[in-house]
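Read the structure below first, then the notes.
The values are calculated or read from the model by the stated rules, or taken from the named source; none is laboratory data. Treat the numbers as computed from the prediction; the structure is a model and nothing was measured. Cβ: placed from backbone, ideal geometry, glycine included. Neighbour counts: every protein chain shown. Just the protein is used for accessible areas: all its heavy atoms, side chains included, with ligands, DNA and RNA removed. Shrake-Rupley method; radii C 1.70, N 1.55, O 1.52, S 1.80 Å.
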Amino acid sequence: MTKLNRRSLLKTAGLATGLVVTGGLPALAFGDEGENKKGKKLALTVAHITDVHIREGDDAPARFKSCLKEILAKHKPDFFLNGGDSIHDASYDSVIRDQVTKQWAIWDDCTAMLSKYEVYGCIGNHDPWWKAPSKEDEMYGKNYVVKRLKIPNRYYSFTKKNWHFMVLDGNNSNISLDPEQFSWLEQELEKVPSGDSVLLMSHYPILGTTQVLVGGGHSDCKKLKDLFYKHHGKVRVCLSGHNHLSDHTSYNDVLYCCNGSMSGYWWEKGDKESAGPGYYLETPPGYAILKLYTDGTVENEYFAHSY
């Protein structure tokens, strides 16, 4: 199991994202008809939040709640996708049980306002507690995160309208899908009817710019790229977080969106490389809203928040 230290992993070169300082990234449309919405039918509006890193201090809980209120009032999403690293950290060697339980309690308190919404999460590298007294401890590893996020498994799928959602677990050797999971993904993609569309979510970027600059991407990206190409026309968009950077990359008609982070610079003010208060490099804290159309067109817009 690869356990990543977020700050040592990300403490490297800057990134130019074309980000508008006052707002975030404009909507990026992708599909058979590009940005022309004429005659299109909106299927779903989805909020993608990732890398919340919720914790005590820096008024993080109240600020996160303000962000959620903004999303609900301004965007009225059908449901939420949570890209992982929900809690600040359970993965460091020094973390004790009380810290883990307290962070998850704060998460529960903050997300209580989403009780009427479905929230589909994936496991981030900071979510599992690996230093439990034993592997038999109920709080050890991924299974406890599955329980706390109220998800069916460490990887899973669900369908809404003509869109199929596949949530992945990249927390394996060298950031990859284990053989069992890859076989499952092959079978899931085979089952998708012709004409339907697929959205995949992993905590880690599969393709894009951010991992070239700061690391943290899937080591099996070529294997996944080949699988997606086999299902060309089905796979439309892959979402990720982890790198706290906003990046939209199109390759083989698949849109890869690394959608920044809710916490920005871990709810702190930033450092000398931060382009603004709370920024990680040039990316402000924020969230993404996706518009998914029945014809497979995707719009992904990153919204900076100022809380």
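Observations, loosely collected:
- Computed from point charges on the beta carbon alone (+1 for Lys and Arg, -1 for Asp and Glu), the dipole magnitude for region 201-259 about its Cα centre is near 200 Debye.
- Relative packing of peptides 234-242, 284-292, 96-104 - highest average C-beta neighbours within 10 Å first: 234-242, 284-292, 96-104
- For region 66-188, the Kirkwood radius over C-alpha pairs fed into Stokes-Einstein at 10 °C and 1.306 mPa s yields D = 101 µm² per second.
- Carbon-plus-sulfur accessible fraction, the chain (probe radius 1.4 Å, protein heavy atoms only): 50%.
- Cross-link table LYS131/LYS291; LYS142/LYS291; LYS102/LYS135, entries beyond 29 Å C-alpha to C-alpha: LYS131/LYS291; LYS142/LYS291
- Lys/Arg +1, Asp/Glu -1 at C-beta; region 160-253 dipole; positive extreme among SER250, GLY215, GLN181: SER250
- Entry comment: accessible area of region 32-181 is 45 Å² per residue, from protein heavy atoms only and a probe of 1.4 Å.
- Dipole magnitude (debye, nearest 20) for region 182-225, charges at Cβ of Lys, Arg, Asp, Glu: 200 debye
- Computed from point charges on the beta carbon alone (+1 for Lys and Arg, -1 for Asp and Glu), the dipole magnitude for the chain about its Cα centre is near 420 Debye.
- Spin-label pair GLU138-LEU72: with each label point 7 Å from Cα along the Cα-Cβ axis, the two points sit 2.9 nm from one another.
- Global geometry of the chain, whether rounded, prolate or oblate, following the gyration tensor of its Cα atoms and the 1.5 cut on a/c: rounded
- When each of the peptides 145-157, 210-222 is scored by the mean number of other C-beta atoms lying within 10 Å of its residues, the order from highest to lowest reads 210-222, 145-157.
- Listed peptides 113-121, 200-208, 255-263 appear in the order 255-263, 200-208, 113-121 once ranked by packing, highest mean of other Cβ atoms within 10 Å at the front.
- Rolling a 1.4 Å probe across the protein heavy atoms gives region 219-307 an accessible surface of 34 Å² per residue.
- Note on PHE158 and GLU268: their simple-model spin labels are 3.5 nm apart, each label 7 Å out from Cα toward Cβ.
- Fully extending the segment from SER94 to LYS191 would add 30.5 nm, taking 0.36 nm per residue of separation and subtracting the current Cα-Cα distance.
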